[in-house]
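Reading through the structure tokens given below for one structure.
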Amino acid sequence: MKIFSGSAHPELTREIAEFLGMPVGQAKLRRFPDSEVSFQIDENIRGADVFVVQPTCPSVDEHIMELLVMIDAFRRSSAARITAVIPYYGYARQDRKDKPRVPISAKLVANILSAAGTNRVLTMDLHKAQIQGFFDIPVDHLFAAPVIIDYLARQSFPKLTIVSPDAGGAERARAYAKRLGAGLAVIDKRRSETGAAEVMNVIGDVEGRTCIIQDDIIDTAGTIKKAADALKKAGAARVLACAVHGVLSGPAVERIEAAPIDELLVTDTIPLTGHRASCPKIKVLSVARLLGQAIRSIHEETSVSSLFV
């Protein structure tokens, strides 16, 4: 077994390799002056079980192309099996035709990963679980819930309620609430009569309670901020938020700092850099151990389902 890293998140790869008690594979990943990807493997991988860790986080297109070039190099170097470890799967939100004449980009990315020579994909908290069906190769779909739930359970929050920021995430929020023995609330989002602003109605008992908004992806943080405002208006004592993938693009950090949120939990499926890393409200939980356990199970051909929620 050998583990290699793209440029997207080398720190996560190092943590996974450390958990598995092995070094990160030796390779040179550079860019030519015109931005083309240059990649060379610096060790023999013939017959090896290769795992390539590369979340397709911003810059999404650059990191996808890097991953494809690396996979092609491993295939042409006679690796026995190539597993793309993609903690954050970019383009997952473009998973259907929701308006005329648009692509289904999540399916396109699945096709090009297969065409490059990927034998298997290991990913985490896809935006929609049915994206697994876009692949004609095996997909191991992990959930970060055990990591987040373990942290929340150790905090002993009083009168805890898990809140879904929209109706679509209610099932996921219900799973968290069940594991934590907490209440459940849902934010109902709808346009006002003028169509200009969103009216946020809270369904469920939140008055005087500690509310945790649970989502899979936080991108610009607009929904989270509005949900937190609505919960405070409904009488919530404290508001926290948690998400698996902290994309945090655009004005996200400013919105989180301005929102009545005590703490935002995200995992390290996406690396936080610059002002995102220095925001005092954001706490990062590591999924390296979970991914390491899955990689070991895949290599040893043992069950991965024990890691699921």
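Quick check on the chain: helices-only [θ] at 222 nm, where DSSP H runs of length 4 and up contribute -39,500 (n - 2.57) each and the sum goes over total residues. Nearest 500, please. Before the final figure, lay out each step's value.
Numbers: 9 runs with 98 residues, N = 309.
So the helix-based figure for the chain works out to -9500 deg cm²/dmol.
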- Among DSSP beta bridges whose residues both lie in the chain, state the antiparallel percentage, nearest 5. 20
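Taking 8 Å as the Cα distance limit and 6 or more residues as the minimum spacing, I'd like the relative contact order of the chain as a percentage.
Working: 617 pairs, mean separation 41.7, N = 309.
Relative contact order comes out at 13 percent.
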- Other-chain or far-sequence residues with amide H under 5 Å of Leu285's (modelled H): Val266, Thr267, Asp268
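Relative to the present Cα-Cα distance, how much length would full extension add between Glu62 and Asp150 at 0.36 nm per residue of separation? Intermediate values should be presented prior to the final figure.
Details: separation 88, 0.36 × 88 = 31.68 nm, distance 3.40 nm.
Here the segment from Glu62 to Asp150 would lengthen by 28.3 nm.
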- Item | Dipole axis of the chain (+1 Lys, Arg; -1 Asp, Glu on Cβ), positive-most option in Ala79, Ala110, Gln130 | Gln130
- Query: Measuring from label point to label point, each 7 Å out along Cα→Cβ, what is the Asp205 to Ser305 span in nm?
  - Reply: 3.7
- Cβ-defined net charge surrounding Lys178, 14 Å radius [Lys, Arg +1; Asp, Glu -1]: +2
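Around Ala243, with a cut-off of 14 angstrom between Cβ atoms, what is the net charge of the other residues, counting Lys and Arg +1 and Asp and Glu -1?
On the way: positive: Arg93, Arg172, Lys225, Arg255, Arg276, Lys281, Lys283; negative: Asp125, Asp166, Asp215, Asp216, Asp219, Glu263, Asp268.
Here the charged neighbours net out to 0.
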- Query: Lys pairs in the range 86-194, Cα-Cα under 21 Å, at least 8 apart or on separate chains: how many?
  - Reply: 9
- Query: Tell me, what is the per residue accessible area of the chain in Å², probe radius 1.4 Å?
  - Reply: 46
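Just want to confirm a number: the relative contact order over the range 66-209, from Cα pairs under 8 angstrom separated by 6+ residues, in percent.
Reported as a whole number, the value is 16 percent.
List the equivalent ellipsoid semi-axes of the range 248-292 in whole Å, largest first, each obtained as the square root of 5λ for an eigenvalue λ of the Cα gyration tensor.
Values: eigenvalues 91, 27, 12 Å².
Sorted largest first and rounded, they come to 21, 12, 8 Å.
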- Item | Simple spin-label estimate for Asp262 and Asp166 in nanometres, 7 Å along Cα-Cβ | 2.8
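The values are calculated or read from the model by the stated rules, or taken from the named source; none is laboratory data. The shown structure was predicted, so the numbers you read here are calculated from the model rather than taken from an experiment. Glycine also receives a Cβ, built like all others from the backbone with ideal geometry; neighbour counts cover every protein chain displayed. Calculation scope for accessible area: heavy atoms of the full protein, side chains included, ligands and nucleic acids excluded. Shrake-Rupley method; radii C 1.70, N 1.55, O 1.52, S 1.80 Å.
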